[in-house]
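J.: Quick one: the structure is below, questions incoming.
The values are calculated or read from the model by the stated rules, or taken from the named source; none is laboratory data. Computed from a predicted structure; not experimentally measured. Cβ atoms come from the backbone with ideal geometry, glycine included; neighbour counts cover every protein chain shown. Only protein heavy atoms, including side chains, enter the accessible area calculation; ligands, DNA and RNA are left aside. Shrake-Rupley method; radii C 1.70, N 1.55, O 1.52, S 1.80 Å.
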Amino acid sequence: MSLAELAASRIVFDGAQRELEQLGRRTQEQLLRFQEPARAWLEATTSDPRAGLEGENDISLLRMQMSMQNRYPQIGSLVFGYPDGSYQQSMVLRTERDRAWAGSLPEARFAQQIIRVDEREKRVEEWVFYDQQMTAIASEQRPWASRYDPRASPWYQGASELNLGTFQATDPFVLQLPAEFGMALSRPLIGPKGGVAAAMFTVAGLSDFLRARGEESHAELILFDEQGRVWGWSRADRLRRLLASGTPASLTALGDPLYAALQPLVAEVSPKDTSIHSVEGAAGQRFAAVVMPMEGVFSRRAYVALVSDQNLLLAQVRRMRWMLLGVGLAGLLLLMPMLFWMANRLATPLKNLVRAAKHIRQFEFDSDIPQDSGIAEVRRLQESLALARVALQGFARYVPQPLVQHFIANRLTPQAGVEQRELAVLCAALDERKAATWSPHADHYLQILAVEVAQGKGMMDRYESCTAVALWNTPLNLSNPARYACEVALRALHSMQALAQGRDAPVAPPCFGLDIGNATVGNFGTWDHLTFTAVGAPLDRARALAQQARALGVNIAASRAVATAAAKYFRFRLAATVPLGSNGEPHEVYELVERLVREHDAKPDKVSVAAL
């Protein structure tokens with residue numbers, strides 16, 4: 001062999017090695033993308049109060065789950081399991097076998113299985129079926145015949161012991177639907193009920209994914225762990241037959257010394273230097289094999305082996321050399337129009353994403369995020385931004401949205417600390433005798449109060465027993481906080497009375513107490529995060545006034561300071577003079593009767609933000 005031929009052969013061999021190495025890297029990236037939809041779903045739902053059984057089957061969230069399962073066929077089912085044994089599973093009925101297993105109508109395309117546990121620990125199984133348009137078409141209750149308990153499942157047992165925010169990938173086990181080997185990606189739920197959320201993958205689905213990657217590169221791909229158990233094989237049909245016995249398949253069970261020889265190569269794996277090995281098959285044929293570690297794909301260490309016929313691989317590299325030359329020449333001719341086309345295709349959805357991100361940054365969630373890009377990466381970015389929007393909407397439930405918008409608009413940073421401020425305090429007190437056992441009506445009253453306080457530039461401070469406290473003039477500065485507190489009290493009272501009359505509620509609306517005075521407000525008890533609240537005499541007097549209101553038979557009782565500060569806008573009536581506080585000093589108690597001026601007649605006060 002001449003020196004020139006030797007040099008050319010070496011170049012071809014190096015090209016083959018680089019080709020296999022690049023294929024391994026691409027496979028690792030694509031395996032991460034294989035899990036990406038499930039990871040995004042788990043990130044969004046584990047902290048979403050609408051998800052699972054705690055969300056009372058929110059239809060918008062269910063449709064999002066069904067749409068995601070329909071789009072990504074590698075996901076077998078999405079499940080929620082809880083410590084009391086209750087369970088919810090959303091699945092796609094892809095075949096007649098699936099519909100027969102679920103006992104559904106022929107037109108059903110999606111199903112939801114729910115196992116509820118009542119106070120006597122009796123389990124009731126409920127099924128809801130949906131058509132192709134994700135519309136519910138049938139539901140039925142069945143006895144707990146399958147005796148399925150999620151707490152005994154591998155996906156539940158491992159994840160329930162993890163820290164919040166941590167993922168777990170299980171070993172292969174037999175799934176419920178489809179009834180074949182699979183694995184689960186799960187993580188704990190953050191809600192008060194606890195539990196675990198999980199996304200199921202089938203080994204066959206992972207093998208189909210590997211088969212598609214192998215067909216693109218004319219190579220055979222095998223995914224296995226340190227013990228030689230096969231988690232995925234590009235020859236998906238053969239792996240299905242091997243798994244039909246009910247036991248996991250190993251490399252030695254694949255019936256060819258080629259595959260058994262892959263296990264010893266694990267000891268030579270290096271993350272920095274990928275070696276190409278020559279392995280002999282059953283018929284004496286030589287194969288080029290590369291074994292690479294799969295980092296970050298599963299919880300335990302896994303490896304992917306890429307096997308290709310040596311002659312075919314070298315021939316491919318030679319053809320690629322000439323093909324690249326031709327493609328390079330053609331690319332020079334098509335470069336400019338193609339760049340213009342690609343730039344336009346990328347720029348249009350990215351402009352929309354920039355606009356949507358600007359709205360999210362300003363805590364504005366009214367506009368929808370388009371998810372119609374034909375580019376997979378941009379579409380995934382759209383989906384991720386949509387999920388971030390959902391997460392921030394959930395965060396906005398706990399932080400007043402106008403306050404956050406003001407911080408963003410004025411580039412302010414909340415600071416920990418306390419200060420003395422004049423506060424208007426509203427205390428709502430339910431009848432403790434009738435509200436001792438909590439009821440939905442009491443919860444509706446407090447929801448009405450929270451909405452009115454947020455719209456009235458106030459802040460909900462705390463809920464204690466059967467009382468709720470709201471504050472004005474913190475953290476937003478108001479020139480007349482007593483006026484806003486009185487306005488909110490009247491609005492909330494009218495809405496609560498209308499609700500009580502319409503539903504014949506057994507629990508009467510709360511009585512309100514209003515006071516104004518100096519108090520200490522800010523951050524108490526911690527230096528690393530905000531626990532904004534208030535402490536002082538106005539809060540104690542407001543609670544006492546709320547109790548006196550019920551004793552005097554009035555709905556809203558106000559102190560003399562509140563009656564004086566808001567006399568321009570509201571009419572007050574002296575109800576009584578009673579002792580208040582621990583020292584028993586007499587105080588005048590006024591009843592807030594009605595509004596003297598209409599809301600749109602009063603000019604709104606300027607609002608600014610105080611240092612927290």
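J.: Scan segment 110-132 and give yes if some residue there is assigned to a loop (DSSP other than H, G, I, E, B), in contact with a strand residue (DSSP E or B) (Cβ under 8 Å, 6 or more places away or on another chain) and at pLDDT below 85, otherwise no.
T.: Looking for residues that are assigned to a loop (DSSP other than H, G, I, E, B), in contact with a strand residue (DSSP E or B) (Cβ under 8 Å, 6 or more places away or on another chain) and at pLDDT below 85, one finds at least one in segment 110-132, hence yes.
J.: Continuing with the same structure: Hey, GLY326 hits all of (1) assigned to a helix (DSSP H, G or I); (2) exposed (fewer than 13 other Cβ atoms within 10 Å of the Cβ); (3) modelled with pLDDT under 70; (4) not hydrophobic (A, V, I, L, M, F, W, C) but one; which does it fall short on?
T.: For GLY326, the failing item is (3).
J.: Tally the residues that are surrounded by 13 or more Cβ atoms within 10 Å (Cβ to Cβ), at pLDDT 75 or above and not in a strand (DSSP E or B), restricting the search to segment 276-300.
T.: Total meeting the criteria: 2.
J.: How do the pairs read when you match residues in segment 122-151 that are over 23 Å from ARG94 (Cα atoms) and touching a residue at least 40 places away in the same chain (Cβ under 8 Å) with residues anywhere that are surrounded by 11 or more Cβ atoms within 10 Å (Cβ to Cβ) and among the hydroxyl-bearing types (Ser, Thr, Tyr), using Cβ under 7 Å and keeping only pairs 6 or more apart or on different chains?
T.: Close Cβ pairs (under 7 Å, with a partner that is surrounded by 11 or more Cβ atoms within 10 Å (Cβ to Cβ) and among the hydroxyl-bearing types (Ser, Thr, Tyr)) amount to PRO150/TYR87; PRO150/TYR156.
J.: So GLY85 passes all but one of these: (1) under 19 Å from the mean Cα position of the chain (by Cα); (2) at pLDDT 80 or above. Which condition number does it fail?
T.: (1)
J.: Report the residue count in segment 500-533 for those that are at pLDDT below 90, surrounded by 13 or more Cβ atoms within 10 Å (Cβ to Cβ) and in contact with a Ser or Thr (Cβ under 7 Å, 6 or more places away or on another chain).
T.: Adding up the residues that qualify gives 4.
J.: I would also like to ask the following. What about GLN157, is it surrounded by fewer than 17 Cβ atoms within 10 Å (Cβ to Cβ), polar (S, T, N, Q), outside any strand (DSSP E or B) and modelled with pLDDT of 85 or more?
T.: So GLN157 does not fit the description; no.
J.: Still on this structure, please answer the following. List the pairs whose first member sits in segment 573-587 and is open to solvent by 90 Å² or more (accessible area, probe 1.4 Å), whose second member is not in a strand (DSSP E or B) and not β-branched (Val, Ile, Thr), and whose Cβ atoms are under 8 Å apart, counting only residues at least 6 apart or on separate chains?
T.: Here the result reads none, with nothing in segment 573-587 linked to a residue that is not in a strand (DSSP E or B) and not β-branched (Val, Ile, Thr).
J.: Here's another thing I want to ask about it. When residues of segment 133-145 are filtered for being open to solvent by less than 70 Å² (accessible area, probe 1.4 Å) and either closer than 15 Å to PHE80 by Cβ or at pLDDT below 85 (or both), how many remain?
T.: The total comes to 2.
J.: Also, quick follow-up: Of all residues in segment 77-87, which are more than 17 Å from TRP144 (Cα to Cα) and open to solvent by 10 Å² or more (accessible area, probe 1.4 Å)?
T.: PRO83
J.: Just a yes or no: is a residue in segment 452-466 farther than 23 Å from ALA534 by Cβ, modelled with pLDDT under 90 and under 29 Å from the mean Cα position of the chain (by Cα)?
T.: No; the residues of segment 452-466 include none that is farther than 23 Å from ALA534 by Cβ, modelled with pLDDT under 90 and under 29 Å from the mean Cα position of the chain (by Cα).
J.: Now for a different question. In segment 546-580, how many residues are over 11 Å from ILE516 (Cβ atoms) and outside any loop (DSSP other than H, G, I, E, B)?
T.: 20
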